[in-house]
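Only one structure is covered here, and it is reproduced in the block below.
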Amino acid sequence: MKIVVVAPYLKGRLHATFALVSKLESEGHIVIYLSSAEIGKIIETQGFSYYEIPPINFSFSTSELENLSTWTQKASYFFKNFRSHYQKGKKIMHLDIYEEILCKIEPDRVLVDVELHDFVFAATALKIPVVLFHTWFSDKISFSLPSIRSTIIPGYGWSGSAIGIAINWIKMRLMVYGRLSVNKIKFSNYRRAVLRKYAKEVGFPRSGLLTNTLPPHFSFTKLPILTLCMSEMDFPQKVPENITYVGPMVYQNREKITTATSDLEIKKILDRFADKKIIYCSVSSYLKGDVSFLKKVIEAVSNQKDWVLILSAGGNIDLNDLQTTSPNVFLFSWVPQLLVLSKADCSINHGGVNSINECVHYAVPMLVYSGKNFDQNGNAARVTYHKLGIRGNKDKVTSKELKQNIEHVLSNPVYKVNMNKMNKNYKNYLKRPLTPLL
């Protein structure tokens, strides 16, 4: 089977697709990435094939609309000219080009990230079967299942009751509708409107599309969706029929991906302190990390004779802002994460699902201090629920509390035992073929 894969350049998600594609190739499929040249270079370094496409345009507006000063003028212009701007939008968003590319490659399946709707509808226009994928836990609206954006744990306190979860969902939905309404009033970006009209034009069934969702423009209720997580790590629920958990996709052969720190440098530190407890702290590479929080982590670990901290601050933090003279603290902008996790006794992270999955890969207990963005709150809640570690509030925690939490995770065997059980589940997923799901 010839499969094209369309993935975004979000570091964690792209790495996950490397494992996904590698598995598909091992099952005998021909797999080709569709990506911009920038992403394609990274894909090629991993030994995968890619076909260059124009970059996906995530923000579509027009200078004519932006130059109008009043809301009345913008509204009048928008509605009078939407038909012509729809055609202009299709051109700016490369929708016709995407169709041409798919016609040229002639894939049997299009495997596409759930947020990259352009290719979902382009494939529909050509009647090519589409399979979606994402790295999220379920966000089905249910009185027993909190939103992945929420800190709520089912059964914990009043907020975890059916009524509490329902009220939280109402708040979430009102926020979504509020933000969508503001976007419509401002006429600042009508990518959603263009895609919605395009979906109708190519015959995508309206019954299978939810249009009032965020962060993605649309949610799909009938297309098959592969979620690169484990059901065992989610909250108990009845999984929607179109969603299949295929387990974490951790690509171990990514040593070729350049980081600011060499493997050799990290290996020297790990070998030198082989008899110590290795604590690995990494904040999100997508958003700027919290300097004040990282300073607390450093203070909590500094001069502890049995602990060593390896801290990866990400590309948006100046390491000079995190100065320390402690001999057991090592600061880097980037490190080869899998190498460090392979020796780590505790991971301190912001709740990104890919980091959590990589901790499961190596059975490393966690301290999760949610970055409070996207699905990080929900991921932290699930880590707590399954006793894979503990969570805290990065804005309120003190260095003293951080130290106590590290001691607790390192000394209480329940977290390591549960991580080992989850690791065993994860290995079972690795044995399952993907082909029947396509």
Can you tell me, using C-alpha contacts under 8 Å and at least 6 residues apart, the relative contact order of the chain as a whole percent? 15 percent
How would you rank 352-364, 382-394, 157-169, highest first, on the average number of other Cβ atoms within 10 Å across their residues? 352-364, 382-394, 157-169
Out of all DSSP beta bridges with both ends in the chain, state the antiparallel percent to the nearest 5. 5 percent
Quick one: which of 201-210, 49-58 comes out on top by average Cβ neighbours within 10 Å, and what's the full order, highest first? 49-58, 201-210
Env charge @ Leu95, Cβ radius under 12 Å, K,R +1 / D,E -1, value 0
Could you tell me what percent of the accessible area of the chain is made up of carbon and sulfur, with a 1.4 Å probe and every protein chain present? 53 percent
Compute the signed sum of charges (Lys and Arg +1, Asp and Glu -1) over the other residues within less than 12 Å, Cβ to Cβ, of Val414. +3
Return one whole number: the accessible area per residue of the range 325-438 in Å², for a 1.4 Å probe. 41 Å²
Note the full-extension length gain between Asn393 and Ala162 as 0.36 nm times their separation in residues minus their Cα-Cα distance, in nm to one decimal. 80.7 nm
Around Tyr51, what is the net charge, scoring Lys/Arg as +1 and Asp/Glu as -1 over all other residues with Cβ under 13 Å from its Cβ? -2
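The values are calculated or read from the model by the stated rules, or taken from the named source; none is laboratory data. This structure is a prediction, so every number in the text was calculated from the model and none was measured. Backbone-built Cβ (ideal geometry, glycine too); neighbour counts: all protein chains shown. In case anyone asks, the SASA skips ligands and DNA or RNA and just uses the protein heavy atoms, side chains included. Shrake-Rupley method; radii C 1.70, N 1.55, O 1.52, S 1.80 Å.
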